[in-house]
């Protein structure tokens with residue numbers, strides 16, 4: 001029996017080269033220390049795949065029309081316990097995905113992993129972050145309950161403050177002057193087709209670049225970490241010791257070209273990746289069953305009693321909307337746009353090879369303040385809305 | 001709808017800031033927007049918070065005891 005299976009595997013390998021593909025995929029060298037920090041990327045990927053799977057199932061029953069959208073989800077809520085859990089998983093894995101992708105970005109920022117030759121890893125990552133945000137925004141419109149409708153009204157109104165072409169952009173997104181049937185069709189198309197069609201190839205590029213340059217890790221894995229310490233033997237330069245691919249054997253910057261110690265991706269890193277991803281999936285399942293995805297009353301554009309409360313990931317933007325005075329409203333566009341442009345430009349502005357976060361205060365301090373600014377806006381927003 | 005003296009005004013309840021649904025707050029004696037705390041006085045003038053403009057008014061006509069409201073604002077918004 002075992003021999004039969006072996007023969008079948010050989011047959012398959014002769015035709016697909018599956019053996020060398022697996023070997024290449026699993027036995028890649030990764031830096032040894034700090035490996036729990038490197039699980040955030042794979043956790044992001046697992047949560048995105050969970051989004052894809054539950055999202056496909058939701059399209060099997062959701063109807064993207066203003067008369068049927070809410071009704072189709074209300075049917076789930078009233079009559080389909082399993083479907084409700086699927087929708088709960090879709091919502092909660094989206095929430096946790098946004099959180100984990102933020103941590104992944106912060107980790108990459110503070111470890112200086114975006115530096116040469118990994119600039120495009122960072123740029124594709126920022127692109128993925130933006131696309132996931134667009135998914136979250138358009139997804140929030142789809143239930144067409146009160147929360148969804150008023151989120152759509154406020155969010156599509158923000159670009160209206162763009163100079164000159166503001167109302168054009170708003171009308172383009174809404175499909176009319178006001179939020180209505182075309183807004184829903186358009187957001188549905190963007191959510192299930194347009195963005196995924198860009199998102200998944202970009203994930204492929206992000207992973208291909210990761211494999212090309214290898215995991216960077218953090219400064220503690222590198223010869224550069226030993227430069228300024230007294231009484232510590234500086235490890236030999238990469239040129240004097242064997243380097244495992246994918247790290248370059250002939251480095252351009254020997255302090256940071258290759259980690260001092262590596263281990264195989266499998267089973268060491270895959271084990272840690274698996275633990276973190278599995279734990280997150282379990283948390284998502286628990287939240288999906290225990291809390292589920294809420295569905296408020298159907299959208300009522302004529303309401304005079306409903307108080308719109310934004311999704312938690314809109315809180316920083318919503319607090320900006322409160323704080324920015326009437327003369328400066330375009331700031332609510334300028335600040336996020338400027339932030340994204342700065343993120344994209346980061347690896348081309350900060351080109352110093354130094355990776356130790358304690359030795360590059362010119363980047364760390366503004367970065368920490370930016371993170372703090374977003375956190376404070378979120379806290380202010382939640383305090384205002386929930387009277388904390 | 002606000003009536004002061006012989007003057008009647010029909011306001012849209014769409015906030016001029018982010019288009020949230022504005023409502024009359026009896027305690028404040030002002031129109032309040034629940035989203036970002038915009039305030040308008042009884043004449044629809046923006047008096048607090050982020051709204052950049054007064055509440056828009058609908059074109060209307062009173063014929064005897066019947067009020068006609070047209071789906072059109074007195075000024076471009």
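The values are calculated or read from the model by the stated rules, or taken from the named source; none is laboratory data. Everything numeric here is computed off the predicted structure, so don't read it as measured data. Don't worry about glycine lacking a Cβ; one is built from the backbone with ideal geometry, like all the others, and counts go over all protein chains shown.
Condition (residue is within 14 Å of chain B (Cβ to nearest Cβ), in contact (Cβ under 8 Å) with a residue 40 or more places away in the chain and under 26 Å from residue A:133 (Cβ atoms)) applied to the stretch A:276-298: is it met by at least one residue? No - not one qualifying residue is present in the stretch A:276-298. Note on the stretch B:46-68: residues that are out of contact with any helix residue (DSSP H, G or I) (no Cβ under 8 Å at 6 or more places or on another chain) and either part of a strand (DSSP E or B) or surrounded by fewer than 12 Cβ atoms within 10 Å (Cβ to Cβ) (or both) amount to 14.
Just one of the listed residues (B:43, B:71) is surrounded by fewer than 18 Cβ atoms within 10 Å (Cβ to Cβ), out of contact with any helix residue (DSSP H, G or I) (no Cβ under 8 Å at 6 or more places or on another chain), within 12 Å of chain A (Cβ to nearest Cβ) and farther than 23 Å from residue A:331 by Cα, and it is B:71. If the condition is being in a helix (DSSP H, G or I) and either crowded, with 17+ Cβ neighbours inside 10 Å or free of Cβ contacts under 8 Å to residues at least 24 places away in the same chain (or both), then the stretch A:346-358 contributes A:346, A:347, A:349, A:357, A:358. Residues that are buried (at least 21 other Cβ atoms within 10 Å of the Cβ) and under 11 Å from the mean Cα position of the chain (by Cα) were ranked within the stretch A:102-125; the one that is nearest to residue A:370 (Cα to Cα) is A:104. Only one entry of A:237, A:176 meets the criterion of being surrounded by fewer than 16 Cβ atoms within 10 Å (Cβ to Cβ), in contact with a helix residue (DSSP H, G or I) (Cβ under 7 Å, 6 or more places away or on another chain) and at pLDDT 90 or above, and that entry is A:176. If you go through the stretch A:303-345 and keep only what is within 10 Å of another protein chain (Cβ to nearest Cβ), under 27 Å from the mean Cα position of the chain (by Cα) and in contact (Cβ under 8 Å) with a residue 60 or more places away in the chain, you end up with A:308, A:309, A:310, A:318, A:319, A:321, A:322, A:332. Of the numbered criteria (1) over 18 Å from residue A:65 (Cβ atoms); (2) buried (at least 20 other Cβ atoms within 10 Å of the Cβ), the one residue A:169 fails is (2).
Filtered by the rule that a residue be surrounded by 11 or more Cβ atoms within 10 Å (Cβ to Cβ) and in a helix (DSSP H, G or I), the stretch A:11-35 gives A:12, A:13, A:18, A:19, A:21, A:22, A:23, A:24, A:25, A:26, A:35.
Let's see how each residue does on (1) within 22 Å of the chain's Cα centre (by Cα); (2) without any contact (Cβ under 8 Å) to a residue 24 or more places away in the chain:
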position: A:10; (1), (2): no, yes
position: A:19; (1), (2): no, yes
position: A:28; (1), (2): no, no
position: A:34; (1), (2): yes, no
position: A:39; (1), (2): yes, no
position: A:43; (1), (2): yes, no
position: A:48; (1), (2): yes, no
position: A:52; (1), (2): yes, no
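Based on this model, can you work out whether residue A:195 counts as in contact (Cβ under 8 Å) with a residue 12 or more places away in the chain, more than 14 Å from chain B (Cβ to nearest Cβ), in a helix (DSSP H, G or I) and touching a helix residue (DSSP H, G or I) at 6+ places or on another chain (Cβ under 6 Å)? Yes.
Condition (residue is surrounded by fewer than 11 Cβ atoms within 10 Å (Cβ to Cβ), outside any strand (DSSP E or B) and within 14 Å of chain A (Cβ to nearest Cβ)) applied to the stretch B:16-32: is it met by at least one residue? Yes, the stretch B:16-32 has at least one match.
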